[in-house]
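Data block below; observations after.
The values are calculated or read from the model by the stated rules, or taken from the named source; none is laboratory data. Not measured: the values here are computed from a predicted model. Please note: Cβ atoms are built from the backbone with ideal geometry, for glycine as well, and neighbour counts cover all protein chains shown. Side chains are part of the model used for accessible areas, which takes the heavy atoms of the whole protein and leaves out ligands, DNA and RNA. Shrake-Rupley method; radii C 1.70, N 1.55, O 1.52, S 1.80 Å.
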Amino acid sequence: MMSRFDIFSAAKEPFADRAESSAFLRAARDRFGVLNLSYWFLGASSEIPDRMSWFSTYDESYMARYLRDVTPLRDRAFQLCFRHLLPLDWAEVRRADATVESIHAVAEGYGIGRHGISIPIREPGVGDAMFSVNFECDDGTWTALRAGLVNDVHLFAHYYHLRMKTVIAQQDTSAEFDLSPREREVLQWAAEGKTAWETARLLKVSESAVTLYTSNAMHKLRAKTKTQAVAIGVRSGLLN
């Protein structure tokens with residue numbers, strides 16, 4: 001069971017930077033006695049998230065793999081979570097969508113526990129956030145622990161979100177996305193209405209190379225389509 005955490009005094013001041021917010025999350029994990037804590041912020045739109053942040057105590061190798069292979073745009077858990085006003089049990093998410101089960105199976109390989117709850121935080125005009133707590137135990141123990149976790153973490157999640165606002169506002173999205181010169185070029189030409197074939201002629205490369213650069217840019221920008229990648233690039237100042 002989690003020990004009490006003085007969230008009111010801890011949340012009086014906004015975080016100064018990413019390092020402070022990450023350190024605070026690790027300290028909260030240890031004080032609560034849970035396996036992991038995780039906070040996502042998805043910008044003003046969950047469909048075209050021009051500002052996306054992830055702070056968690058998960059294994060960094062898993063975080064890199066998730067951002068490469070899945071992202072919130074392809075993770076049904078986010079859609080299911082934001083349909084709720086109350087915390088969502090991960091077991092319910094797995095039952096609702098088989099793809100989530102496969103994502104969780106990969107996560108378990110990185111030492112992430114099977115059980116958890118995710119708390120949706122909706123702020124119209126600002127963005128959507130999701131705060132999760134992760135626990136490792138058998139199913140019977142989880143049933144007994146869940147109610148206490150929900151009560152303690154629900155309020156903490158909202159106070160953590162309040163402290164995160166300054167960090168999110170100061171975030172340099174162009175540095176985070178880190179597109180290569182070629183990836184920027186193909187998106188720039190796409191923004192000007194050029195097809196992959198036309199872009200290949202302009203850059204004097206093969207059309208398959210243009211397709212590859214576009215795909216890489218989409219992964220880095222966490223976009224589902226080329227159009228979304230262009231929109232994120234423009235909003236983030238990556239494209240002219």
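Tabulated data for the structure shown
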read-out	value
Residue that is under 21 Å from Val150 (Cβ atoms) and assigned to a helix (DSSP H, G or I), where the choices are Leu80, Leu86	Leu80
Residue match in the stretch 31-51 (condition: part of a helix (DSSP H, G or I), at pLDDT below 90 and hydrophobic (A, V, I, L, M, F, W, C))	yes
In the stretch 205-228, the residues that are hydroxyl-bearing (Ser, Thr, Tyr) and either touching a helix residue (DSSP H, G or I) at 6+ places or on another chain (Cβ under 8 Å) or under 14 Å from Ala191 (Cα atoms) (or both)	Ser206, Thr211, Tyr213, Thr214, Thr225, Thr227
Odd one out for Ala223, checked against (1) closer than 28 Å to Phe15 by Cα; (2) buried (at least 20 other Cβ atoms within 10 Å of the Cβ)	(1)
Selection count where residues are in a helix (DSSP H, G or I) and under 17 Å from Ser38 (Cα atoms), scope the stretch 101-111	5
Every residue from the stretch 56-80 that is farther than 25 Å from Arg18 by Cα and over 12 Å from the mean Cα position of the chain (by Cα)	Arg76, Gln79, Leu80
Residue list for the stretch 63-89, restricted to those being open to solvent by 30 Å² or more (accessible area, probe 1.4 Å) and among the polar types (S, T, N, Q)	Gln79
Candidates Thr141, Thr199, Thr214 - the one that is open to solvent by 50 Å² or more (accessible area, probe 1.4 Å) and farther than 30 Å from Phe15 by Cα	Thr141
Residue satisfying condition, being open to solvent by 70 Å² or more (accessible area, probe 1.4 Å), of a type in the set (Asp, Glu) and closer than 24 Å to Ile168 by Cα, within set Glu108, Glu60, Glu92, Glu136	Glu60
Residues of the stretch 117-160 satisfying the condition of being in contact (Cβ under 8 Å) with a residue 40 or more places away in the chain and touching an Asp or Glu at 6+ places or on another chain (Cβ under 8 Å)	Ile121, Arg122, Ala129, Arg146
Unmet requirement for Glu192, which otherwise passes all of (1) at pLDDT 90 or above; (2) out of contact with any Leu (no Cβ under 8 Å at 6 or more places or on another chain); (3) under 30 Å from Leu86 (Cβ atoms)	(3)
